[in-house]
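Coordinate-derived values only; no laboratory data. This is a predicted model, so every value here is computed, not measured. Note that we place each Cβ from the backbone using ideal geometry, even for glycine, and neighbour counts take in every protein chain shown.
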Amino acid sequence: MHFLVRYGLMIVIAFLFFGLILLISGEDPIQSYRDIFTSTLGSSYGFSEVVVAMSPMLLTALAVALPSRLGLINVGVEGQLYMGACFSTWGALAFSNSPSWILLPLMIVLGMIGGALWAFIPGYLRALGLVNETITTLLLNSVAPMIVSFFVFGFWHSPMDTNKTPNFSPSARLPKFFDTRIDLSLVIGLALLVLFWFLMRYTRWGLEMRAIGGNPLAARRNGIPVKTYLIAVMCIGGAIAGLAGMTQVSGYYGVLLVNFSRGIGYMGFLISWLAGGSPLGILLTSFVISIIFSGGNLLQLTRDLPYAVINVLLAFTLFVVLARPSFLINRKEA
Amino acid sequence: MTLLSVLGVLSSAIFSGTSLLYTTLGEIIDQRSGIVNLGLEGVMLVSASSGFAVTAITDNPYLGVLVSILAGALMNMILGFLVISRRANQLASGLALMFFGFGLSAWIGRSYVGAKINGLPRISLPGLSNLPVLYSSLFNFDLLIYLVIPAAILVWWLLFHTRWGLGLRAVGENADTAYASGRNPLRIRYQALFVGGLLVGLGAAHLSIAYTMNWTEYMTAGRGFIAVALVIFSKWNPLRAIVGALLFSGAVAFQLLLQSSGIQISPFLLDTIPYILTILVLIAWGGTPKHSAPASLGRVYQGTE
């Protein structure tokens, strides 16, 4: 409970900072905040939109949290997400006449393969001890959107627009629930979080992964195949990121748009880090960040601010949490 | 393909390489003191937008450059507060800084999208003025381009031939030892981030005030991340960074040449060449046994209390 109070206070501090900036640029902060809250938690539709924004973040955060148990720093979720979206879009366009019970699983598998392939490169190079995975994942993040652009502009674009594919056929769309935009990705995300918790806690794999994360040398001396783990776990992380990309194109957008992501891959890294890699923490942190995100959408419409401005509020929240103001911390903990 | 188009490509490679080199130099100073700044993208955006805005208002590009530089240093101070004073994780703080930069720069620049400015004046080299205008105009560079190689040499001299540089590198290798020998790791890291921020600001200023001469949201398009890669590529050495930036902008030039020569390859695939080349070079160098990374890069200095 103390934990919740502390984080609540940190968020209040962040909102005060942001309010100051709103005030300076001539907006009414109180009215803006009222807009944010009524548009998110104030109605069942608003709440559903928060959940919609949260669903992909669960996956992108998990794509960071899993490799981090081995001490791998996967900053490449953004790129893996794009590759997943790219591969599954190929499936959606090539087999658009197939019924949904064939097409959707196919797209999911393709998306996971795309992300896993993109993560295999840094994982393999790291396992061989050639290049640190942080830097390769960052570089590959810049490459992936270009590959998506190559396919969309070159081959897949719709007759009307050059920067996106035609709308997917209904059988290539993830099913939605309760007349809202919430789709199957929420269920997938929650199920994977539970699976992650179970695997880490109750299986040999989880134990061995923690051993490698703690002391790779000792783990190897004990006969744990460290290299295999490094490559496999990095690929699984990439596959989860690719899955997030698949759910974005198949569920949220229904088309593949060039540059669709708006940084949700990087956001996954921040969420996983703030949550300390714990499944419950990922759920809570994603929820709070989604409130800010979908509230910002409305701020853009009603206050005539650029969409990117919501990143400032988000960053203030992150700054305050990262800085852990000393008057909010137990002396014993510090 | 004519000589003119080759020269044109070379000229634009020099323009795009300049901001990259300044940014890389800034990150080298940060990292030599033991701090990874992943927020470069955001720092550059805020510098570029504020410098552009000031240039548009005052019509004085030099004032714009000055504001850019200061904005870069200030942005780095935010990172400094988080990772030095509050001992936060460097990667997460850097990414938070990046998001901050995305938002703040969009806010600063919103009234200046599409604005026209008089960029940094071009100064022609004395020997080139006899050439036909068509050619000489390609090699009229601005002051920041002429200064970039000297800046790299200056940073090299600062790091390797001054007491300040020695202290900075000592902190980057082992902050406890540096403390024991009478240095203040916290202050040195703040200084490193400040100076590094000045250089990143200079790179951003060149991008928006001299090269593109306009402002669009997210105009840096990944340059900050390329700079982080170039730091490793150059093994944390400012002189090697010159080679790295040249190679990278050479790859950009090569790609432009291919396009102008009419070879039918998608520009999007050509855009990937510099990144893939960087990865390949890193792989080639990864095989060499000697690592030159500062030993305590990315670690939190816990202090002595």
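Remarks
- Estimated at 0.36 nm per residue, the fully extended path between A:S278 and A:V187 surpasses their Cα-Cα distance by 31.0 nm.
- Evaluated at q = 0.06, 0.10, 0.11 Å⁻¹: base-10 log I(q)/I(0), Debye formula over Cα of the protein assembly as shown: -0.32, -0.95, -1.17
- Relative contact order of region A:55-276, defined on C-alpha pairs under 8 angstrom at six or more residues apart (%): 44 percent
- Our compactness index for region A:82-198, the C-alpha radius of gyration over the empirical 2.2 N^0.38 Å, is 1.24.
- Where the Cα pairs of region A:1-45 fall when distances are cut into 10 Å bins, in %: 25, 39, 32, 3
- Whole-Å semi-axes of the ellipsoid equivalent to chain A (Cα gyration tensor, √5λ, descending): 31, 29, 18
- Fewest-first ranking of B:F233, A:F37, using other Cβ atoms within 10 Å as the exposure measure: A:F37, B:F233
- The fraction of Cα-Cα pairs per 10 angstrom bin, counted from 0 for region A:196-261, comes to 19, 35, 21, 18, 7 percent, rounded to whole percents.
- Here is what passes the span test in chain B: the DSSP H helices with alpha carbon length of 24 Å or more along the helix axis and a Kyte-Doolittle mean of -0.5 or above are B:3-32, B:40-58, B:61-80, B:90-109, B:143-161, B:185-205, B:238-260.
- Over chain B, all Cα pairs binned in 10 Å intervals from 0 give whole-percent P(r) values of 7, 26, 34, 23, 8, 2, 0, listed from short to long.
- Between A:G84, A:L256, A:A219, the Cα set farthest toward the positive side of the dipole of region A:55-276 (charges on each charged residue's Cβ, about the Cα centre) is that of A:A219.
- Peptide A:54-62, shielding by other chains (average Cβ, 10 Å cutoff): 0
- Footprinting exposure proxy ranking of B:T18, A:T317, fewest other C-beta atoms within 10 angstrom first, gives A:T317, B:T18.
- Compactness check for region B:205-290: Cα Rg over 2.2 N^0.38 Å is 1.23.
- Take each residue of peptide A:137-149, count the partner chain Cβ atoms within 10 Å of its Cβ, and average: the result is 6.
- Dipole of region A:185-318, positive end: most advanced residue of A:N297, A:F287, A:L190 [Cβ charges, Cα centre]: A:L190
- Helix-only CD estimate at 222 nm, as mean residue ellipticity for the protein assembly as shown, using -39500 (n - 2.57) per DSSP H run (n ≥ 4): -23000 deg cm²/dmol
- In chain B, taking the dipole from charged Cβ atoms about the Cα centre, the farthest positive-side position among B:M77, B:L168, B:P150 is held by B:L168.
- Projected-area average for region A:226-323 over all orientations - Cα convex hull basis, square nanometres: 8.1 nm²
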